[in-house]
Amino acid sequence: MNFDDFFRTAFGKSADSNYEPYGYQRRLAQEPWPDLLEVPTGMGKTAGVTLAWLWKRGWRNGGRGSAPDPDTPRRLIWCLPMRVLVEQTERNARAWLQRLAILGEPGQGRVSVHLLMGGSEDVKNATWAEYPDEDMILIGTQDMLLSRALMRGYGMSRYQWPVHFAWLQ
């Protein structure tokens, strides 16, 4: 499977369709990560980065198909300014992972998706923090991620602060 087929599968397109990634999306998957990604709104940054990250982590349709790239971290963290964008990104990521048959829950050896938002279940049941060895997509608002990066996780027990700080660093 090549990246174009992987990309099409994530979007539910057939191999004979003309649906293919933009050149920059393909380069993200096949070349070292750039220092800066400057792409106009609506040109597929979320899909490009998420699918390139999965590809570099060795995921293929149905499971892990190759060894992970050592320069690609286990966590993909999306920091977004609004809750509506967080929810949209979560829906998209789950749909792509589902179509690729690699969506899972923590502890299953697949890729899981987690929302980091105040008052949500992630504070009470932060299962993502219990599996530091697994690939995960973490999606949160700026305030939630920044508070954890400052070791003052909003709405969290102070005993969880250092754990979330460590796993997000």
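The values are calculated or read from the model by the stated rules, or taken from the named source; none is laboratory data. Predicted model only: the values in this text are computed from it and were never measured. All Cβ positions, glycine included, derive from the backbone under ideal geometry; neighbour counts span all protein chains shown. When the accessible area is computed, the model is the full protein with side chains, heavy atoms only, and any ligands, DNA or RNA have been set aside. Shrake-Rupley method; radii C 1.70, N 1.55, O 1.52, S 1.80 Å.
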Connecting C-alpha atoms closer than 10 Å in a GNM of the chain, tell me which of Trp33, Trp53, Trp128 has the biggest fluctuation. Trp33
Provide the FRET efficiency to the nearest 0.05 for the Gln142-Asp16 pair, computing r from the beta carbons and using R0 = 41 Å. 0.45
Once the whole set of protein chains is in place, how much accessible area is left on Ser66, using a 1.4 Å probe, in Å² to the nearest 10? 50
Ignoring ligands, DNA and RNA, what accessible area per residue does region 10-127 give at 1.4 Å, in Å²? 55
C-alpha long axis of helix 83-99 to longest principal axis of the chain, angle in °: 50
When the chain is modelled as a GNM with alpha-carbon springs shorter than 10 Å, which of Gln25, Gln142, Gln88 fluctuates the most? Gln88
Over the chain, what percent of the accessible surface lies on carbon and sulfur atoms, probe 1.4 Å? 51
Rounded to the nearest 10 degrees, the helix 45-56 long axis (Cα) sits at an angle to the longest Cα principal axis of the chain of 80
Candidates Leu138, Leu85, Leu103, ranked by Gaussian network fluctuation over the chain, Cα under 10 Å, top entry: Leu85
Rough spin-label spacing in nm, given labels placed 7 Å along Cα→Cβ, for Asp35 and Asn92: 2.6
As a test of reading the structure, rank Asp69, Asp135, Asp16 by solvent-accessible area (1.4 Å probe, protein chains only), most first. Asp16, Asp69, Asp135
Checking the a/c ratio against 1.5 first, then a/b against b/c, what shape does the Cα gyration tensor give for region 42-138? oblate
So what is the relative contact order of the chain, in percent, for Cα pairs below 8 Å that sit 6 or more residues apart? 18
